[in-house]
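Report on the following structure.
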């Protein structure tokens, strides 16, 4: 999707500080971090949000979870971290391409919003 910012990052048309990449996903530093460590984990396949994922995306979603755990370890988030995906505008989703926020490096409060 030519107008999707994350699709443009995946294709290399827009720069990003990439910290991890596989055949299926890419992870990069968030431009507007809300924690000392704030990464975005994005599937290369365009899926608007989690409610648009299908059973055929189950393996991909599992790979995202495992990548998040690997990235947390790599970035020294041994005290804990938060993995968040916003689904829809009411939840705060601003880019309509499924993505997960990996946040850590500080104590997280609850409830988050």
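Values in this text are rule-based calculations from the coordinates and carry no lab data. Just so you know, these numbers come straight off a predicted model, no measurement behind them. When we count neighbours, we look across all protein chains shown, and the Cβ atoms used for this are built from the backbone with ideal geometry, even at glycine.
Quick notes on this structure:
- Each residue in 71, 98, 66 was given a count of other beta-carbon atoms within 10 angstrom of its own, and listing them fewest first yields 66, 71, 98.
- Set of the range 79-103 residues, backbone N closer than 20 Å to the point 7 Å along the Cα-Cβ line of residue 18: 97-102
- Within the chain, helix-based [θ] at 222 nm, where runs of 4 or more DSSP H residues each add -39,500 (n - 2.57), nearest 500: -6500 deg cm²/dmol
- Restricting the calculation to Cα atoms, the range 49-93 shows an Rg/Rh of 1.06 when the hydrodynamic-style radius is the Kirkwood one.
- Between 0 and 90°, nearest 10: helix 58-74 axis offset from the chain longest Cα axis: 40 degrees
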